[in-house]
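The values are calculated or read from the model by the stated rules, or taken from the named source; none is laboratory data. What you see is a predicted model, and the numbers here were worked out from it, not measured in a lab. Using ideal geometry, Cβ is built from the backbone for each residue, glycine included, and neighbour counts are taken over all protein chains shown.
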Amino acid sequence: MFPWIEAFNARVASLSFFPIIASIHKRHGQKLLSLVCLLPLLGSVAEGLMGQLGARPWFRAMGEMGEIALAMLIACLAITPLVQAFDWKFLYPWRRTFGLFAFFYAILHVLARAMDLGLDLGAIMEGMFTNPFLLTGFLAFLVMVPLAVTSTKKMMATLGGKRWRLLHKLTYVAAILAIAHALMAGKAGYINFLPQAVILAILLLWRLVYPTLRKAMQKPQG
Amino acid sequence: MAGAVAGVGVSAGRASAMPAFLERLLGRGGSREGGSALPVDTQTSYEDVTTYNNFYEFGLGKGDPAKHAGRMVTRPWHVEVSGEVAHPGIYAVDDLVPPRDVVERIYRMRCVEAWSMVIPWNGVPLGDIIRRLKPTSKAKFVAFETLYDPEQMPGQKSPVLDWPYAEGLRMDEAMHPLTLISTGLYGKDLLNQNGAPLRLVVPWKYGFKNIKSIVRMHFMETRPETAWEKSAPHEYGFYANVNPDVDHPRWSQKREHRIGEFGQRPTLMFNGYGEEVASLYTGMDLARSF
Ligand code: HEM
């Protein structure tokens, strides 16, 4: 989009070790990324096995898993703007990985909560549809289900690119619900999740202004 | 009343055959042992009492106070007593809370965030302290303030609350024999993260009433504003009595997680101290005066 970005990308591509990195990314990129995405879980499990999760281990694990789920969701949403801004097309496949891991960690978040509540179904369901804090979390989770289900190439083909892209705009809905949920969590959640809220707002804003921006940038060239 | 948990039996912590990490994850279990209708109260471990804290002056994380409170200097320490009182002045801790008067009180502590502990406090009933200070007939409330010193309390550099932390009690609550000014727990001096050198303990109210590291007591005719009330008046009221029937706007107060146990247990009205304190609130709508 900007000439200096093109220059920067060309410069990087001309580095001597670039072909090696590019080929590793091509062959193993997805596996490596998945491994990285699993690290937070491994960290929490290790903490649990060492008794390091503190006085309320399941509650702490729930918080950690929720935070990672939200982070993955934001990472997933950051890909398209990054490609648009920097022309880093190699990032595209990361989107699916981040999205699926967001769902994975959301499941762990809900499971950890179930353990925190002693698997008591009454306590788990209490307020789920009436308490805005729980309802937003529940809806965020619900919205992520069709997104995960339609994440395969096969489903993409079945739905057709246009419908698939429209459906997957729901990622933004999931993220907005999840950030609302996180901001309402805990005694001072509104303080803890300000950075995530700001990043999400910037990403949303970018998607809104990008079409106009692109047109404006293209005009001088004809 | 000294030394007793009102209402429910207490058993001291006991050894378990489980590996430590499993006991952490699955709890000590047996909370209903002995065929008691109500879960038995087991003292929370010293480790948990001193490492799982809310003390936003040292950070928002539960482990932050234990990590960062060490730098606070608690001796010498003075408390300013002012307002509607015959003996105002600046008191050293030992003069205000004489060590020879210290008793042990094992109380349940219910945090507004729906977790709870059982803590053996050492302290002096606030009523005894106040009687010596001789409040005037105009004193209807007593307000407390925590130290304000962002150098020692780095959390005060961010505007999480309107510092310094402030709390208050109605005079009859302050004079109630269960209300304690604590200087220690488990027979040891309070650690900084627990509010050294002196803090309030009001066992039938949510934990945030139990103001820590007190530097000021002010007797007044009108109701003082408290820090959490100022920050979110629809969520945290002046009374803050433990009440399973009045939910926090964002979460239920019906149950609580007793630290060290697996799962939840029912929350008791007035945290189980209703027999002693319910009469303080007769005629009041506790859903409105929450
Ligand atoms: C049925 C669905 C869900 C339920 C019942 C649920 C429940 C909860 C609960 C009980 C908390 C703890 C609140 C507290 O700190 O007191 C929480 C926190 C949180 N949840 Fe969820 N949640 C759900 C779905 C989600 C989803 C889908 C996401 C993100 C994608 C998410 C992200 C978070 C985050 C970031 C926090 C804050 C964690 C922290 O304070 O460290 N939740 N949730």
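Regarding the stretch A:59-74, can at least one residue be identified that is away from the ligand (no atom under 11 Å from the Cβ) and in a helix (DSSP H, G or I)?
no
Identify all residues within the stretch A:39-66 that are touching a residue at least 40 places away in the same chain (Cβ under 8 Å) and surrounded by fewer than 18 Cβ atoms within 10 Å (Cβ to Cβ); write none if there are none.
Correct list: A:LEU41 only.
Which residue is farthest from A:LEU70 (Cα to Cα), if the candidates are limited to the stretch A:157-179 and must be touching a Leu at 6+ places or on another chain (Cβ under 8 Å) and away from the ligand (no atom under 16 Å from the Cβ)?
Going through the qualifying residues, I end up with A:LEU159.
Which residues, taken from the stretch A:46-57, are within 7 Å of chain B (Cβ to nearest Cβ) and not in a loop (DSSP other than H, G, I, E, B)?
The answer is A:GLY48, A:LEU49, A:PRO57.
So for the stretch A:75-90 (the condition being away from the ligand (no atom under 12 Å from the Cβ) and under 30 Å from B:GLU23 (Cα atoms)), does at least one residue qualify?
No, the stretch A:75-90 has no match at all.
For residues that are out of contact with any Asp or Glu (no Cβ under 7 Å at 6 or more places or on another chain) and hydrophobic (A, V, I, L, M, F, W, C), scanning just the stretch B:203-213, find the one that is nearest to B:VAL102 (Cα to Cα).
B:TRP204
Select from the stretch B:113-124 the residues that are within 9 Å of chain A (Cβ to nearest Cβ) and within 11 Å of B:THR267 (Cβ to Cβ) and list them in ascending order.
B:TRP115
Which of (1) within 11 Å of chain B (Cβ to nearest Cβ); (2) not in a helix (DSSP H, G or I) is the odd one out, the single condition A:SER151 does not satisfy?
Of everything listed in (1) within 11 Å of chain B (Cβ to nearest Cβ); (2) not in a helix (DSSP H, G or I), A:SER151 misses just condition (1).
Mind checking which residues of the stretch B:106-159 are under 20 Å from the mean Cα position of the chain (by Cα) and assigned to a loop (DSSP other than H, G, I, E, B)?
Correct list: B:CYS111, B:VAL112, B:GLU113, B:ALA114, B:LEU147, B:TYR148, B:MET153.
Conditions tested, residue by residue: (1) under 19 Å from the mean Cα position of the chain (by Cα); (2) surrounded by fewer than 19 Cβ atoms within 10 Å (Cβ to Cβ); (3) touching a residue at least 60 places away in the same chain (Cβ under 8 Å).
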site: B:THR183; (1), (2), (3): yes, no, yes
site: B:ASN192; (1), (2), (3): yes, no, yes
site: B:MET220; (1), (2), (3): no, no, yes
site: B:PHE238; (1), (2), (3): yes, no, yes
site: B:VAL246; (1), (2), (3): no, yes, no
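Could you please find all residues in the stretch B:236-251 being touching a helix residue (DSSP H, G or I) at 6+ places or on another chain (Cβ under 8 Å) and at the interface with chain A (Cβ under 10 Å from one of its Cβ atoms)?
Scanning the stretch B:236-251 gives B:TYR236, B:ARG250, B:TRP251.
Output the number of the condition that B:THR267 fails; it satisfies all remaining conditions of (1) within 14 Å of chain A (Cβ to nearest Cβ); (2) β-branched (Val, Ile, Thr); (3) more than 16 Å from the ligand (Cβ to nearest atom).
It fails just one condition, (3).
For the stretch A:135-156, how many residues meet the condition of being touching a His at 6+ places or on another chain (Cβ under 9 Å) and either within 10 Å of the ligand (Cβ to nearest atom) or touching a residue at least 60 places away in the same chain (Cβ under 8 Å) (or both)?
Counting residues in the stretch A:135-156 that are touching a His at 6+ places or on another chain (Cβ under 9 Å) and either within 10 Å of the ligand (Cβ to nearest atom) or touching a residue at least 60 places away in the same chain (Cβ under 8 Å) (or both) gives 7.
Just for the stretch B:156-169: of the residues that are touching a residue at least 40 places away in the same chain (Cβ under 8 Å) and among the charged types (D, E, K, R), which one is surrounded by the most Cβ atoms within 10 Å (Cβ to Cβ)?
Ranking the qualifying residues of the stretch B:156-169, first place goes to B:GLU167.
Which pairs have Cβ atoms under 8 Å, sit 6 or more apart or on different chains, and link a residue in the stretch B:13-29 that is at positive phi to one that is at pLDDT 80 or above and of a type in the set (A, V, I, L, M, F, W, C)?
B:GLY27/B:PHE262; B:GLY29/B:PHE262
Yes or no: A:ALA61 modelled with pLDDT of 95 or more, under 30 Å from B:VAL246 (Cβ atoms) and within 11 Å of chain B (Cβ to nearest Cβ)?
yes
So which of B:GLU113, B:GLU57, B:GLU84 ends up being acidic (Asp, Glu), touching a Gly at 6+ places or on another chain (Cβ under 9 Å) and at pLDDT 95 or above?
B:GLU57
Only one of A:PHE8, A:PHE86, A:PHE98, A:PHE2 is buried (at least 18 other Cβ atoms within 10 Å of the Cβ), more than 14 Å from chain B (Cβ to nearest Cβ) and of a type in the set (Phe, Trp, Tyr); which?
A:PHE98
Can you tell me which residue within the stretch A:104-134, out of those that are near the ligand (Cβ under 9 Å from one of its atoms) and aromatic (Phe, Trp, Tyr), is nearest to the other protein chains (Cβ to nearest Cβ)?
Per the stated criteria, the residue is A:PHE133.
Residue check: is A:LEU213 aliphatic (A, V, I, L, M), assigned to a helix (DSSP H, G or I) and under 20 Å from the mean Cα position of the chain (by Cα)?
In short, no.
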